[in-house]
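Written below as structure tokens is the structure these notes are about.
The values are calculated or read from the model by the stated rules, or taken from the named source; none is laboratory data. What you see is a predicted model; the values in this text were computed from it and never measured. Glycine also receives a Cβ, built like all others from the backbone with ideal geometry; neighbour counts cover every protein chain displayed.
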Amino acid sequence: MKYLVVAIILACLVSCSPFGFNPAGYEKMDKNLYTAWDKTSSHKYIAEGKYSQYWKSPKQFEADGGGDCEDFTGYLMYQLGEGEAVIVTCQDDGKESCHCIIRYRGQYLEPQRLGEYLPIESLGWKIYEVYSWDAYMAKITDFGTRRIPG
């Protein structure tokens, strides 16, 4: 019986949306592009160590007043809500660094700068990873449970 209960709980957690189990209080957002992008780009860039890539939750991003590229991207994705946006990590040919941006309705957006669209093909960038809204929100919020440290 104990194993059945555990199996049912695990099945529910796996099949839920990223915010199905949500003690941190995330809401489903659905802002228009300009409003979400304006709010996101108003935060400051905060660099992490060269080999440190901690992906902040939206609540951590807000509490810190910003973050680096994957944090801006995750925050904008959260503001836009489910839909046509996906996260793309790109790698510049010949460099070891990656950069996170959003593909939204067929265009690539730079979340840190309001109104900046990126022609990634002409920049020589290659797509490294693509995350759907559900996958990215699950990653940055630990399925809605990640709280602000402290």
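Numbers below:
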read-out	value
Inter-residue pairs, beta-carbon under 6 Å, first touching a residue at least 40 places away in the same chain (Cβ under 8 Å) and in segment 125-142, second in a helix (DSSP H, G or I) and not acidic (Asp, Glu), 6+ apart	Tyr136/Met77; Ile140/Gly74
Conditions (1) surrounded by 15 or more Cβ atoms within 10 Å (Cβ to Cβ); (2) modelled with pLDDT under 90: number failed by His43	(2)
Considering residues of segment 109-137 that are of a type outside the set (A, V, I, L, M), assigned to a helix (DSSP H, G or I) and modelled with pLDDT of 80 or more only, the residue surrounded by the fewest Cβ atoms within 10 Å (Cβ to Cβ)	Asp134
